[in-house]
1. Using the Kirkwood radius built from alpha carbon pairs, what does the Stokes-Einstein equation give as D for the chain at 25 °C and 0.890 mPa s, in µm² per second?
2. Could you tell me how many degrees, from 0 to 90 and to the nearest 10, lie between the Cα long axis of helix 45-56 and the main elongation axis, the longest principal axis, of the Cα atoms of the chain?
3. Equivalent-ellipsoid semi-axes (√(5λ), Cα gyration tensor) for the range 15-56, whole Å, largest first?
4. May I ask you to derive the FRET efficiency for Tyr14 and Glu45 from their Cβ-Cβ distance with R0 = 30 Å, giving the value to the nearest 0.05?
5. Taking 7 Å along the Cα-to-C-beta vector as the label spot, tell me the Ile72-Glu38 distance in nanometres, rounded to one decimal.
6. Cα axis of helix 12-23 to longest principal axis of the chain: angle in degrees, 0 to 90, nearest 10?
7. Ignoring ligands, DNA and RNA, please state the percent of accessible area on the chain from carbon and sulfur, probe 1.4 Å.
8. If you count only protein heavy atoms with a 1.4 Å probe, what accessible area per residue comes out for the range 1-70, rounded to a whole Å²?
Amino acid sequence: MVISGRVQGVGFRYATQQKAIEYGLDGWVQNNFEGTVELEIEGTEEKLYAFIDEMKSGYNPVIRIDHIEKQINEEAKGYKRFSIK
């Protein structure tokens, strides 16, 4: 996923990591040069959609999600944890 909005410099990556761990999801999150945040995540479909729904709320009033570009890949990469790049 690529997330745009007010997502850099506001704790978005750390909040995303915490929520991913709470949902038992694995993958990574990183800031992109152009001001977006990129996220690759694996887990059950139910957990992924619940995580995305919560992420859309922005986690806190400082974070604002304007757009989420999703690309679904059914092939697992086998991540063992969730990390911040």
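1. The diffusion coefficient I find is 192 µm²/s.
2. Between helix and principal axis, roughly 0 degrees.
3. On the way: eigenvalues 71, 20, 16 Å².
Working from the Cα gyration tensor, I get semi-axes of 19, 10, 9 Å.
4. Values: r = 25 Å, r/R0 = 0.84.
After rounding, the FRET efficiency stands at 0.75.
5. According to this spin-label approximation, the distance is 2.2 nm.
6. With rounding to tens, the tilt is 30 degrees.
7. Answer for the chain: carbon and sulfur cover 47 percent of the accessible area.
8. On the way: 3880 Å² over 70 residues.
Counting only protein heavy atoms, the per-residue value for the range 1-70 is 55 Å².
The values are calculated or read from the model by the stated rules, or taken from the named source; none is laboratory data. This structure is a prediction, so every number in the text was calculated from the model and none was measured. So basically every Cβ, Gly included, is an ideal-geometry build from the backbone, and we count neighbours across all protein chains shown. Note: areas computed on protein heavy atoms with side chains; ligands, DNA, RNA excluded. Shrake-Rupley method; radii C 1.70, N 1.55, O 1.52, S 1.80 Å.
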